[in-house]
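Contents: one structure, followed by commentary.
The values are calculated or read from the model by the stated rules, or taken from the named source; none is laboratory data. This is a predicted model, so every value here is computed, not measured. Positions of Cβ are generated from backbone atoms using ideal geometry, with glycine treated the same way; all protein chains shown enter the neighbour counts.
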Amino acid sequence: MLRRTTVAAAALLAAGALLLSACTGSSSPTPSSTGGAADPDASVTVRLVLEPSNLDIRETAGAALDQILVDNVYQGLVSRTPDQEIVDTLASSHSVSDDGLTYTFTLREGVTFQDGQPLTPQDVVSSLQQVKDTPTFRDSARLANVATIAANGQDIVLTLSAPDSTLLWNLTGRAGLVFKEGDTIDRKVKTNGTGPYTLTDWKQGDSITLERNDAYWGDKAKVKEVVLDFIPETQAALSGAQAGELDVVTGFDATLKDQVEANGDFAVVVGKATDKWTLAMNSTKGPLADERVRQAIRQAIDKKAIVEAVGAGQTLYGPIPELDPGYEDLESTAPFDPDAAKKLLADAGAEDITLRLTMPAAYGTTVSQILVSNLNDVGITLKVNQVEFPAWISDVYTNKDFELSLVDHTEARDFENWTNPNYYFTYDNAEVQDLYKKSVAATDPDTAADFLKQAAKIVAEDQAADWLYNGASVVAVGTNVTGFPSVNVNERMNLSDLAKTK
């Protein structure tokens with residue numbers, strides 16, 4: 001395999017539960033233009049931006065873990081397709097009772113962990129029970145409505161205390177991952193899953209290597225290995241691609257398409273995503289405690305200009321993106337209108353104010369420069385403070401020490417954050433919380449989505465934050481590579497269909 005020789009970039013630790021992840025599924029965005037059969041001994045090198053701080057996907061935040069491990073190394077009873085549909089995985093089938101209180105999953109036979117041990121119903125029961133019983137595990141609260149978890153032969157039966165329209169979806173994520181009961185590996189540095197790849201090498205600060213699991217229960221991976229290179233700096237990554245050291249590049253602006261495709265070795269593919277580039281506003285103190293100031297900020301920002309500048313994605317005016325249930329175009333809650341913004345600031349007595357924007361340094365300056373210009377036009381001086389992710393997590397996410405913050409929330413169906421007063425958004429609305437509970441309790445998907453739509457509109461009308469744009473998945477795929485996912489690549493990244501010609 002080719003290793004990078006010209007790229008010298010320190011890897012960036014992913015300490016947050018929110019940032020830059022990827023999607024499931026396997027699409028083939030660029031058919032091979034080189035012809036020939038797929039090489040089963042091929043190595044594919046993929047550029048990623050973020051490196052996990054450790055491999056313990058149960059307790060460690062950071063979307064980089066989802067990107068690397070979910071679907072590829074660890075699996076659950078069910079998973080997601082690129083179109084966000086729920087499909088059986090370790091379960092061969094599942095059913096839900098008419099009252100929505102009993103979920104029965106039939107466990108697939110012949111599955112083994114990567115250490116050779118067979119997957120048993122008790123492994124599933126133990127995995128789900130531990131998540132439910134351990135608040136420090138990521139997404140533990142997503143199993144709150146599960147009253148009992150039991151095995152009946154090959155069937156896994158979940159009995160709920162109340163209907164939960166989100167349960168199946170939650171089981172496609174971290175809450176539903178299955179581990180071997182009593183496993184003694186150090187999960188911070190080792191893995192032992194049931195997926196199509198095994199994680200064989202982690203050169204910290206450099207790369208992670210996944211190798212084909214030849215004992216995999218399903219269709220075997222089509223390449224021998226995938227090397228995930230952590231290269232935070234985009235130009236360094238593009239230089240590596242042009243030097244033939246990378247086969248796939250993720251995490252760059254679509255405006256670089258011509259540069260990436262210049263030598264004919266790559267094709268840029270743009271797909272939909274649930275990325276919500278969110279301008280959080282700390283409403284607990286200072287000028288931002290005034291709803292008029294928050295609305296003025298929203299109406300001062302030219303969303304269309306931002307989308308044009310980044311070269312992909314679409315405008316977004318509320319907390320739910322188009323791919324998620326409950327989406328509605330909420331532009332009417334804060335249309336672009338600098339004059340209206342000036343009047344709101346004047347009415348609030350907040351003319352000529354200065355605000356601080358804290359954002360991860362890895363995001364570059366394209367969006368922040370537009371924000372500085374737009375807000376300056378209405379009399380707000382914006383001071384941009386770019387920090388490394390660990391500092392952002394500590395200052396903003398944990399300690400809520402910020403005025404404005406810009407971050408990309410990639411997770412699908414994460415509206416629940418707006419119902420948690422302790423989340424860093426600092427938003428607390430009892431009506432929104434009640435509507436979300438009704439959505440969860442609904443047994444009809446359309447009814448559940450309607451409750452979400454109502455709640456999202458209230459959040460937008462409260463000017464709780466601004467949503468600068470709904471980002472897209474932008475990937476550059478080598479012309480001899482097929483099967484790399486093209487939808488929601490910043491959240492999850494199913495590599496099972498990845499192939500490369502000789």
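For the stretch 453-502, filtered to residues that are among the aromatic types (Phe, Trp, Tyr) and not in a loop (DSSP other than H, G, I, E, B), the residue that is surrounded by the most Cβ atoms within 10 Å (Cβ to Cβ) is TYR469.
Pairing each residue of the stretch 339-359 that is without any contact (Cβ under 8 Å) to a residue 40 or more places away in the chain with any residue that is among the hydroxyl-bearing types (Ser, Thr, Tyr), provided the two are 6+ apart or on different chains, yields C-beta distances under 6 Å for THR354/THR381. Apart from one condition, ASN494 fits all of (1) more than 20 Å from the chain's Cα centre (by Cα); (2) over 29 Å from SER405 (Cβ atoms); the exception is (1). Being closer than 17 Å to PRO338 by Cβ, more than 24 Å from the chain's Cα centre (by Cα) and of a type in the set (A, V, I, L, M): is that true of ILE301 here? Considered against the rule, which asks whether it is closer than 17 Å to PRO338 by Cβ, more than 24 Å from the chain's Cα centre (by Cα) and of a type in the set (A, V, I, L, M), ILE301 comes out as yes. The number of residues in the stretch 114-129 that are under 22 Å from TRP169 (Cβ atoms) and exposed (fewer than 15 other Cβ atoms within 10 Å of the Cβ) comes to 0.
Residues checked against (1) surrounded by 24 or more Cβ atoms within 10 Å (Cβ to Cβ); (2) over 21 Å from VAL131 (Cβ atoms):
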residue	(1), (2)
LEU177	yes, no
GLU181	no, no
ARG187	no, no
THR200	no, yes
GLY205	no, yes
ALA215	no, yes
GLY218	no, yes
ASP229	yes, yes
THR234	no, yes
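Somewhere in the stretch 403-420, is a residue assigned to a loop (DSSP other than H, G, I, E, B), under 29 Å from VAL46 (Cβ atoms), in contact with a Lys or Arg (Cβ under 7 Å, 6 or more places away or on another chain) and small (Gly, Ala, Ser)? Checked against the condition, which is being assigned to a loop (DSSP other than H, G, I, E, B), under 29 Å from VAL46 (Cβ atoms), in contact with a Lys or Arg (Cβ under 7 Å, 6 or more places away or on another chain) and small (Gly, Ala, Ser), the stretch 403-420 yields no hits at all.
If the condition is being over 19 Å from ALA64 (Cβ atoms) and among the hydroxyl-bearing types (Ser, Thr, Tyr), then the stretch 226-276 contributes SER239, THR255.
ILE156 falls short on exactly one of the conditions (1) surrounded by fewer than 21 Cβ atoms within 10 Å (Cβ to Cβ); (2) touching a strand residue (DSSP E or B) at 6+ places or on another chain (Cβ under 6 Å), and that condition is (1). Within the stretch 354-371, the set of residues being buried (at least 17 other Cβ atoms within 10 Å of the Cβ), more than 27 Å from the chain's Cα centre (by Cα) and either among the β-branched types (Val, Ile, Thr) or over 16 Å from GLY286 (Cβ atoms) (or both) is empty. The criterion of at least 3 residues that are more than 17 Å from TRP202 (Cβ to Cβ) and touching a His at 6+ places or on another chain (Cβ under 8 Å) is met, among strands (runs of 3 or more DSSP E) falling completely within the stretch 28-130, by 102-107.
Take the residues in the stretch 334-352 that are of a type outside the set (A, V, I, L, M) and farther than 26 Å from LEU316 by Cα, then tell me which one is surrounded by the fewest Cβ atoms within 10 Å (Cβ to Cβ).
So the residue we want is ASP352.
Could you grab me the full set of residues in the stretch 255-277 that are buried (at least 21 other Cβ atoms within 10 Å of the Cβ) and either more than 27 Å from the chain's Cα centre (by Cα) or closer than 17 Å to VAL407 by Cβ (or both)? Listed by number, the residues that qualify are ALA273, THR274, ASP275, LYS276, TRP277.
Residues of the stretch 328-346 being hydrophobic (A, V, I, L, M, F, W, C) and either outside any loop (DSSP other than H, G, I, E, B) or not assigned by TED's automatic domain parsing to the domain that holds PHE451 (or both), which ones? Once the filter is applied, which keeps residues that are hydrophobic (A, V, I, L, M, F, W, C) and either outside any loop (DSSP other than H, G, I, E, B) or not assigned by TED's automatic domain parsing to the domain that holds PHE451 (or both), the stretch 328-346 yields ALA340, ALA341, LEU344, LEU345, ALA346. Across the stretch 54-102, which residue is surrounded by the fewest Cβ atoms within 10 Å (Cβ to Cβ) among those that are touching a helix residue (DSSP H, G or I) at 6+ places or on another chain (Cβ under 6 Å) and of a type in the set (Val, Ile, Thr)? Checked the stretch 54-102; the qualifying residue surrounded by the fewest Cβ atoms within 10 Å (Cβ to Cβ) is ILE86.
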